[in-house]
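Please read the structure below before turning to the comments.
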Amino acid sequence: MRKTMSVLAASLALIGLMSATALAGTMVTYANFPPAKTFPCVQMERWKTEVEKRTGGKLTVQTFPGSTLLGAKNMLRGVQTGQADIGCISIAYYPGVFPLMSAVNLPVAFTSTEAASLTMWDLFQKYQPEEFKDVKVLTMFTSAPSQIMSKEPVKTLADLKGMELRASGTILRVLSGLGAQGVGMPMSETPEALQKGVVKGLVSSFDVLKDFNFADICRHETITNLPVYPFAVIMNKARWESLSGDVKDVLNDLGREQAQWTGQYLDAHINDSLNWSREKYQVEVYKLTPAEHAELKKLGQPLVDDWKAECAKAGIDADAVLKDLLEYQAKYESL
Ligand code: DTR
């Protein structure tokens, strides 16, 4: 009798659990590598809110900022193997893995993050590149143009000689052309490297002055307008396939809108971050001369050639991709 009772109790508990799950809908995990305050995580929370609202709670999202589920470098593999259902990857942290979409990291002088993010999204939609065939892409966006933030002033390019600066992707090459010592690492490892003095500054967009409080350590900022960094939000393919049609529609409809939202958020946040840094830490901002900008541009050319060679190996028509990229850029930057 007692046994029957406990089987009954267990069955009831199970039924209860199952209906609670049905009511709560499906839950997916979403991993991100930088801290919660930074823009890749701000956009993650916005996406979660929109998805839960638009699916009426059929899909709920549990977010993991700050490398609490997956870090910058195991993000791709972690999503492919299902350690997380969704993850945010920085394409520049995976050299050679995403040849087509790396085009967005070329020195084409984007001035707006919104334009860069929409350009990236359109490029992805047009080419549907093979390099993403193992995952479902939910949205894409970019960082803002990259600038130098350093402990010592970089008033002219000559000041860069021998300076250790954290960067990643194509920017490392530009730095070595300028005689600086580029040190490659993900953003999530940068606070420690700056603290320990392993690097004397970094090259990234100005959002990090406020979001990582780098303005405190790096009181000198130089406008270089180096490339933006492309990001992709990817989902485990099998997990995606398991979602119902109406939920998939909501996520698909959100892809471009989320790219634009993130671009707009970051464009506004860059100004906010710079003003905050000026007020709180009296940071100095330096502008380079037109001749120096021309030199930066010249140093960027071999990157384009290298990228074309990489594309050729992967069977990608780099000229066509670059032509489209420049066309989308011109369209979105003029809006
Ligand atoms: N500049 C890129 C991307 C980037 C810009 N801001 C943040 C904040 C958090 C993570 C990445 C980024 C980079 O340095 O990785």
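The table below lists the values:
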read-out	value
Residues that are over 20 Å from SER117 (Cβ atoms) and of a type outside the set (Asp, Glu), drawn from region 225-249	ASN236, LYS237, ALA238, ARG239, TRP240, SER242, LEU243, SER244, GLY245, VAL247, LYS248
Checking ALA109 against (1) over 18 Å from LEU322 (Cβ atoms); (2) small (Gly, Ala, Ser); (3) out of contact with any Ser or Thr (no Cβ under 9 Å at 6 or more places or on another chain), the condition it does not meet	(1)
Options ASN213, ASN225; residue that is within 16 Å of the ligand (Cβ to nearest atom), farther than 26 Å from GLY82 by Cβ and in contact (Cβ under 8 Å) with a residue 60 or more places away in the chain	ASN225
Tally of residues being touching a helix residue (DSSP H, G or I) at 6+ places or on another chain (Cβ under 7 Å), surrounded by 20 or more Cβ atoms within 10 Å (Cβ to Cβ) and not β-branched (Val, Ile, Thr) across region 156-186	9
When residues of region 187-204 are limited to those that are within 23 Å of ILE89 (Cα to Cα) and out of contact with any Leu (no Cβ under 9 Å at 6 or more places or on another chain), the one nearest to the ligand (Cβ to nearest atom)	SER204
Residues located in region 102-139, provided they are in contact with a strand residue (DSSP E or B) (Cβ under 9 Å, 6 or more places away or on another chain), farther than 26 Å from GLU50 by Cα and of a type in the set (A, V, I, L, M)	ALA103, VAL104, ALA109
Some residue of region 133-152 being within 22 Å of ALA31 (Cα to Cα), at pLDDT below 95 and within 12 Å of the ligand (Cβ to nearest atom)	no
Residues within region 266-313 that are in a loop (DSSP other than H, G, I, E, B) and surrounded by 15 or more Cβ atoms within 10 Å (Cβ to Cβ), tallied	2
Tally, over region 226-240, of residues that are over 16 Å from GLY263 (Cα atoms) and out of contact with any Cys (no Cβ under 9 Å at 6 or more places or on another chain)	7
Selected residue (only one of VAL199, VAL203 is within 23 Å of HIS293 (Cα to Cα) and at pLDDT 95 or above)	VAL203
Evaluation of VAL208 against (1) within 12 Å of the ligand (Cβ to nearest atom); (2) more than 21 Å from LEU266 (Cβ to Cβ); (3) in contact with a helix residue (DSSP H, G or I) (Cβ under 9 Å, 6 or more places away or on another chain) (one fails), failing number	(2)
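One line per residue, one yes/no per condition, for (1) under 13 Å from ALA232 (Cβ atoms); (2) in contact (Cβ under 8 Å) with a residue 24 or more places away in the chain; (3) in contact with a Leu (Cβ under 7 Å, 6 or more places away or on another chain):
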{"position": "LYS58", "(1), (2), (3)": "no, yes, no"}
{"position": "LEU69", "(1), (2), (3)": "no, yes, no"}
{"position": "LEU76", "(1), (2), (3)": "yes, yes, no"}
{"position": "VAL79", "(1), (2), (3)": "yes, yes, no"}
{"position": "ALA84", "(1), (2), (3)": "no, yes, yes"}
{"position": "PRO95", "(1), (2), (3)": "no, yes, no"}
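The values are calculated or read from the model by the stated rules, or taken from the named source; none is laboratory data. Note that the structure is a prediction, hence the values are computed from the model and not measured. Every residue, glycine among them, receives a Cβ derived from its backbone with ideal geometry; neighbour counts consider all protein chains shown.
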